[in-house]
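Asker: The following block contains the structure, expressed as structure tokens.
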Amino acid sequence: MMRYVSTRGQSEALDFEGVLLRGLAPDGGLYVPETLPKFSAEQLHSMAKLPYAELALEVTWPFVEGFMPKDEYAALIKETYAEFHHPAVAPLKQLDGKLWLLEQFHGPTLAFKDFALQLLGRLLNLALARKGERGVVMGATSGDTGSAAIEGCRHGDQLDVFILHPHERVSEVQRRQMTTVTDPNVFNIALQGDFDDCQALVKASFGDQSFLGDRRLIAVNSINWARVMAQIVYFFYAGLRLGAPDRSVSFCVPSANFGHMFAGYLASQMGLPVDRFVVATNHNDALDRSIKGGVLERQPLKPSLSPSMDIVVSSNFERLLYALGGNDAQAIHTMMSTFAEQGEAQIPEKIMQAASNLYSGAVSDDETVATIKRWHASTGEVLDPHTAIGVRVAENYLGDSPMICMATAHPAKFAEAVVAAGLEPSALPATMQDLMQREERYEVLPNDLAQVQRYVADRI
Ligand SMILES: *Cc1c(COP(=O)(O)O)cnc(C)c1O
């Protein structure tokens, strides 16, 4: 049975159920599996033929084993990915001789977060039902996470979901994807403040949960191990379809909190031959600076045309640094203490040296728009702004292996960038044609902790 340890080495190890229900470790670190399963070339050859849900079962079972029977887990995964609107779940599309897109936007909310949150919602519900508890999911969103979390949890009869978004500061499509969900356990709060205010209220609520009585508060942000785990699968899926393990592949990931890219790194540690990992950011480029310069930094947030990549600190980067340093929790503990005190820290030399196949780049809004325009002209493909950033950076790091760019969102979700590129806004897929006509339900609340907590307490 897999055990999970903290990257800062000062918390007790937990089992799968433990990490499922917890966010950060008590020592401030993130949970990672103590060991990784490794697939042989022979195993990978046989896995190459599997449909998505069956591959997901094989790749993730070693992490879940002991939590539930395998046949029940298989059924849960099958149900999860049956909700995607493409028979391939994550289809690959060739963009040119070297570049491929892995389309990750065929899930219920049209962005890659569906891969993890649809599974997480089901696993949480199961864990709570077994304990005879009801849980409260509380989250802040600047867009994609909120709708994916709502969609993932709304069927959970053990769960109530409260999502805070900044009032009048998310796109209409994103707002409607959250507010038109009518299940009685889903509550949308439009906070009179910005995304940081939303996050601060959620954080404060985790800090003091007394307003909830005996209910358990649950985090669904991307530090949750089960989310990272679910994302390992499609790196194998794409790589195996393009010739791995007989040849290496490369990946480019539009990154923010870094959960996505870290999952790719784990795939490579589990046996997938990867040539290059390319990390792409928008002008909120702390990750790019860390990878190029070997320092952790904090910068003020600047809104962009790719809002799901607007971030100040990439939490999951710590997991990568821990792994690259050979699981040296003491080094991470020291580095993160310095970072917390000084807002800046040097990444140890031996960790940077281990990152030799990690590349990065940052892309401005103007370049994002130009990239959408250019690839539309040459291929007819409309890239969403997040995907365009990935493709733009990937172009700088092409090698001998096929470069797989993660297409993280559907262009219909981010009309502003598409229109700025001089293109018609993309149509919503058939299942969402009536989104703009559906009735909305949300509560506008002031940026006030007591009022938000009272709203939550009155409804659970
Ligand atoms: C969340 C998100 C990202 C960034 O993913 P991380 O795991 O936070 O690095 C990129 N693109 C889109 C569309 C997203 O929703």
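Asker: Within the accessible area of the range 293-344, what % is carbon and sulfur when the probe is 1.4 Å and the other protein chains stay in place?
Answerer: Numbers: 1170 of 2260 Å².
Reported share for carbon and sulfur atoms: 52 percent.
Asker: Enter the accessible area per residue of the chain (Å², integer; probe 1.4 Å; all protein chains in place). List each step's numbers first, then the result.
Answerer: Values: 17610 Å² over 460 residues.
That works out to 38 Å² per residue.
Asker: If you look at just the Cα atoms of the range 384-460, how large are its Rg and its Dmax in Å?
Answerer: 19.9, 59
Asker: Determine the order of Trp61, Trp225 by accessible area, beginning with the largest, at a probe radius of 1.4 Å.
Answerer: Working: Trp61 30, Trp225 5 Å².
Descending order: Trp61, Trp225.
Asker: Here's a follow-up. Going Cα to Cα from Lys49, which lysines come in below 17 Å? Please leave out same-chain ones fewer than 8 positions away.
Answerer: Lys78
Asker: Expected output is a single nm value to one decimal: the length gained when fully extending between Leu301 and Arg374, i.e. 0.36 nm times separation in residues minus the C-alpha distance. What is it?
Answerer: Numbers: separation 73, 0.36 × 73 = 26.28 nm, distance 2.79 nm.
Contour length minus the Cα-Cα distance gives 23.5 nm.
Asker: Checking understanding here: applying a Kyte-Doolittle mean of at least -1.0 and a length along the axis of at least 24 Å (C-alpha), which whole DSSP H helices in the chain pass?
Answerer: The answer, listed by residue number, is 113-131, 225-241.
Asker: If you take the beta carbon distance between Glu443 and Glu42 as r and set R0 to 51 Å, what does 1/(1 + (r/R0)^6) give as a FRET efficiency, to the nearest 0.05? Walk me through the numbers before you get to the answer.
Answerer: Working: r = 56 Å, r/R0 = 1.09.
Given R0 = 51 Å and the Cβ-Cβ separation, E is 0.35.
Asker: Just by accessible area at a 1.4 angstrom probe, what is the order of Glu318, Glu168, Glu133 from largest to smallest?
Answerer: Result of the area sort, largest leading: Glu168, Glu133, Glu318.
Asker: Need one value: the accessible area of Tyr359 in square angstrom, 1.4 angstrom probe, rounded to the nearest 10.
Answerer: Result for Tyr359: roughly 70 Å² accessible.
Asker: Another one. How large is the helix-only mean residue ellipticity at 222 nm for the chain, computed as the sum of -39500 (n - 2.57) over DSSP H runs with n ≥ 4, divided by its residue count, in deg cm²/dmol to the nearest 500? Mind dumping the intermediate values first?
Answerer: Working: 18 runs with 195 residues, N = 460.
Value at 222 nm, helices only: -13000 deg cm²/dmol.
Asker: What is the spin-label model distance, in nm, from Ala88 to Gln209 if the labels are put 7 Å beyond Cα along the C-beta direction?
Answerer: In this crude spin-label approximation the distance works out to 4.2 nm.
Asker: What does the charge count around Thr371 come to, taking other residues whose C-beta lies under 12 Å from its C-beta (Lys +1, Arg +1, Asp -1, Glu -1)? Don't skip to the answer; put the middle values down first.
Answerer: On the way: positive: Lys373, Arg374, Arg392; negative: Asp365, Asp366, Glu367, Glu381, Asp384, Glu395.
That works out to -3.
Asker: Return the FRET efficiency for the residue pair Glu341, Lys292: r is the Cβ-Cβ distance, R0 is 30 Å, and the value is rounded to the nearest 0.05. Intermediate results must be reported in sequence, preceding the final value.
Answerer: Details: r = 24 Å, r/R0 = 0.79.
It comes out at approximately 0.80.
Asker: Now a separate question. Per residue of the range 85-98, what does 6.51 cos²θ - 1.76 cosθ + 1.60 with θ = phi - 60° give for ³J(HN,Hα)? Whole Hz please, x for Gly and Pro, Karplus curve as stated.
Answerer: 9, 9, x, 8, 6, 10, x, 8, 10, 7, 9, 7, x, 10
Asker: Something else about it: Using just the Cα positions, wrap the chain in a convex hull and report its mean projected area in square nanometres, one decimal place.
Answerer: On the way: hull surface 80.1 nm².
Convex hull of Cα atoms, orientation-averaged projection: 20.0 nm².
Asker: Taking 0.36 nm per residue of separation and subtracting the Cα-Cα distance, what length does fully extending Lys98 through Glu34 add? Walk me through the numbers before you get to the answer.
Answerer: Working: separation 64, 0.36 × 64 = 23.04 nm, distance 3.59 nm.
Difference between extended and current length: 19.4 nm.
Asker: Right, next: Taking a 1.4 Å probe, which of Arg438, Arg3, Arg454 shows the most accessible area, and what order do the others take after it? Kindly include the intermediate steps, with their values, before the conclusion.
Answerer: Numbers: Arg438 80, Arg3 115, Arg454 135 Å².
Descending accessible area places them as Arg454, Arg3, Arg438.
Asker: Additional query: For the range 438-454 and the range 1-24, compute the distance between their C-alpha centroids and round to whole Å.
Answerer: Each part reduced to its Cα centre gives a spacing of 33 Å.
Asker: Any chance you could run the full-extension gain for Glu168 through Asn327? It's 0.36 nm times the residue separation minus the Cα-Cα distance, nm to one decimal.
Answerer: Working: separation 159, 0.36 × 159 = 57.24 nm, distance 4.32 nm.
In short, 52.9 nm is gained.
Asker: Given a Förster distance of 30 angstrom, what is the FRET efficiency for Asp366 paired with Leu435, based on the Cβ-Cβ distance and rounded to 0.05? Don't skip to the answer; put the middle values down first.
Answerer: On the way: r = 30 Å, r/R0 = 0.99.
Plugging the Cβ-Cβ distance into 1/(1 + (r/R0)^6) gives 0.50.
Asker: What distance in nm lies between label points placed 7 Å from Cα along the C-beta direction at Val313 and Thr182?
Answerer: Modelled inter-label distance: 4.2 nm.
Asker: While we're looking at this one, here's another question. Calculate the all-directions average of the projected area of the range 139-196's alpha-carbon convex hull, and give it in nm². Can you show the working numbers first?
Answerer: Working: hull surface 13.9 nm².
If I average the Cα hull's projected area over directions, I get 3.5 nm².
Asker: Would you work out the Kirkwood radius for the range 276-354? I mean one over the mean of 1/r across all pairs of different Cα atoms, in Å. Mind dumping the intermediate values first?
Answerer: Working: mean 1/r = 0.0760 Å⁻¹.
Radius from the Kirkwood sum: 13.2 Å.
The values are calculated or read from the model by the stated rules, or taken from the named source; none is laboratory data. Being a predicted model, the structure only gives us computed values, none of them experimental. Glycine gets a Cβ as well: all are built from the backbone with ideal geometry, and neighbour counts include every protein chain shown. Surface accessibility is based on the protein's heavy atoms, side chains included, excluding ligands, DNA and RNA. Shrake-Rupley method; radii C 1.70, N 1.55, O 1.52, S 1.80 Å.
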